[in-house]
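Participant: Quick one: the structure is below, questions incoming.
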Amino acid sequence: MRNLYFPLGICLLLASCTPDAPKTSEPQLEPAKHIVVIGVDGMSPDGILNANTPNMDYLMENGSYTLHARAVLPTSSSSNWASMIMGAGPEQHGITSNGWERDDYILPPVTVGPDKVVFPTIFGVVREQMPEAEIGAIYHWGGFGRLFEKAPVNYDIHVEGEQETTDEACKYIKEKKPSFTFIHLDHVDGAGHGAGHGTPEYYAAVESADKLIGQIHQAVKDAGMEGETIILVTSDHGGIGTGHGGETLAEIEIPFILYGKNIKKGKEIMDMVYTYDNAATVAFAFNLAAPQAWIGRPVKTAFNGYPDGSPKNMALKATLLAPTIYPPRDSYDPPGGLFIDETPTVELKSKEEGVTIRYTLDGTDPTENSPEYTVSFQVEKTCVVKVRAFKGNNRPSPVETGYFRLFNSGGDNGINYSYYEGQDLHFVPDFKEMKPVKTGKVPEFRLSHIEHRDDNFAIKYEAYFEAKEKGKYKFYINSDDGSILWVDDKQVVNNDGDHGTKERADDVELEPGFHKVTVGYFNAGGGAWLDVFYKGPGIPKQIISPETVYPEIPS
């Protein structure tokens, strides 16, 4: 035993003689006296880029920002508003869907805040460490009110209407000069669900939100708080088509804009930013300690005295926007399209200045060695067009994908369909128990080729898919509401149930030759969508093209 103590003693002696590691010094910033967070439900970066937004443009030009921050999955409102104020994700706070309630949930939080119910929020952190603070929450969507502790908040009010919510917030700011104000606006999300993301109505709603943000900023000035205030503008999620909740870039990317005291001017934030960094950044700006359970990090590079992020660091996000493929994306419909008895022309454009656009036609992601786009071109056969923007040392843009399908109306290809109407549908029905309203032939597994009513209808598609080679084939169904895909009468993909647009997939081993593919689909109400994709040996993922399917096995 004596031999064991000797080395230990030597180690302790050496440790005591070892110089301390140099300590890094951070700037000592004077804390902000006021912080105003403005959250606009459903406002995507696309909305800001394509709408007229002079007030947000001003905040970005005179503050720090990124249009590539990310929400959490699922991209539903409750999960993301919770993450925004709780400095953590659904895995920690337990709010995993819009169905969550304070007394009805599946996953309990890892810890709770002052009310012993919900995970610790920024409201509780401010109250605990700034006991005299005036704290307000003014929100357009009533559901936001169930996500935070009530006791820490001096002024807690749900207001109907975006203008009324803004008026109430402006009045509160001017009268109380609060330390922390959280404002929630809901109308942009309503436009996304009603008219669809990327529509004129949606962009008009973003422009309205921009005017309201300008009014709130003016209220800060009128209250004499401008020089001591930070304004943070963000969102909970984006969207695609008339919904959100999925895993696309359009749904998960959100804006994050900081303006005011201690904030750098005209700086694009190069660090990765997540919605749960919002609460951590507010705590940092107030010089408060964050709870140990938070996983969010303050976005320090937005503050004066902290070094900027560098695009050379591969851990940082891309800043380039993906080019647009024409014909462009339309709601859930990806770029490209079906071309009947005509040869499509591919046109590519970028909103970025000085970028090089590169593309591929074989489904692989473009690299710096891929062909450079200089002029529009035609494609003679069905293909997958992928494009990407490159510029200097910036990371390349995300990849945009277009699906160009060709169909010869005089050929043998096509898909048989049977159209049904029912009552109170919630699952793909048993078609044997129903009588079709009409039948016919269409070129693709898509709703746009069949006239249908708005709700409680179902369609059965049947075709023979030609597998050119032996191997593993993967089939994907993207639908709103439910769908099921069978191959040779065996269920392969189940995407059934009453739900928004989402994709499910699975694979099957196929021999060369023809295989019966059946797709069952139903829509209960609201939005309706169906796309069927596949990939196979040497074949990239793509919408099942007309050339591969037949209404009957060719002789």
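Participant: Is it the case that some residue within the range 546-555 is surrounded by 17 or more Cβ atoms within 10 Å (Cβ to Cβ) and without any contact (Cβ under 8 Å) to a residue 40 or more places away in the chain?
Facilitator: Checking the range 546-555: not a single residue is surrounded by 17 or more Cβ atoms within 10 Å (Cβ to Cβ) and without any contact (Cβ under 8 Å) to a residue 40 or more places away in the chain.
Participant: Let me ask another. Within the range 129-171, how many residues turn out to be outside any loop (DSSP other than H, G, I, E, B) and basic (Lys, Arg)?
Facilitator: The qualifying residues number 2.
Participant: Between TYR259, TYR202, which is aromatic (Phe, Trp, Tyr), farther than 30 Å from LYS502 by Cβ, outside any loop (DSSP other than H, G, I, E, B) and touching a residue at least 40 places away in the same chain (Cβ under 8 Å)?
Facilitator: Just one listed residue meets the conditions, TYR259.
Participant: Would you mind stating whether VAL437 is in contact with a Leu (Cβ under 7 Å, 6 or more places away or on another chain), modelled with pLDDT of 95 or more and of a type outside the set (D, E, K, R)?
Facilitator: Here the answer is no, as VAL437 does not meet what is asked.
Participant: Say we look at the range 247-275 and pick out the residues that are aromatic (Phe, Trp, Tyr) and under 14 Å from the mean Cα position of the chain (by Cα); which of these is nearest to MET43 (Cα to Cα)?
Facilitator: So, considering only residues that are aromatic (Phe, Trp, Tyr) and under 14 Å from the mean Cα position of the chain (by Cα), the one nearest to MET43 (Cα to Cα) is PHE256.
Participant: I've got another one for you. Select from the range 55-72 the residues that are farther than 30 Å from GLU91 by Cα and either out of contact with any helix residue (DSSP H, G or I) (no Cβ under 7 Å at 6 or more places or on another chain) or without any contact (Cβ under 8 Å) to a residue 12 or more places away in the chain (or both) and list them in ascending order.
Facilitator: Passing the criteria: ASP57, TYR58, LEU59, MET60, GLU61, ASN62, GLY63.
Participant: Do we find a residue being more than 25 Å from ILE477 (Cα to Cα) and either of a type in the set (D, E, K, R) or surrounded by fewer than 20 Cβ atoms within 10 Å (Cβ to Cβ) (or both) anywhere in the range 411-427?
Facilitator: yes
Participant: On the basis of being touching a Lys or Arg at 6+ places or on another chain (Cβ under 9 Å) and not polar (S, T, N, Q), does ILE216 make the cut?
Facilitator: No, not satisfied.
Participant: Of the residues that make up the range 390-402, is at least one in the same structural domain as VAL532 (by TED's automatic domain parsing) and either over 30 Å from HIS499 (Cβ atoms) or among the β-branched types (Val, Ile, Thr) (or both)?
Facilitator: no
Participant: Please state which of the following conditions VAL532 fails to meet, knowing it meets all the rest: (1) touching a residue at least 60 places away in the same chain (Cβ under 8 Å); (2) under 23 Å from GLY245 (Cβ atoms); (3) surrounded by fewer than 20 Cβ atoms within 10 Å (Cβ to Cβ); (4) under 26 Å from the mean Cα position of the chain (by Cα).
Facilitator: So VAL532 meets the others, but not (3).
Participant: Consider the range 379-397. How many of its residues are of a type outside the set (Val, Ile, Thr) and in a strand (DSSP E or B)?
Facilitator: 5
The values are calculated or read from the model by the stated rules, or taken from the named source; none is laboratory data. This is a predicted model, so every value here is computed, not measured. Quick reminder, even Gly has a Cβ in these numbers, built from the backbone with ideal geometry, and neighbours come from all protein chains shown.
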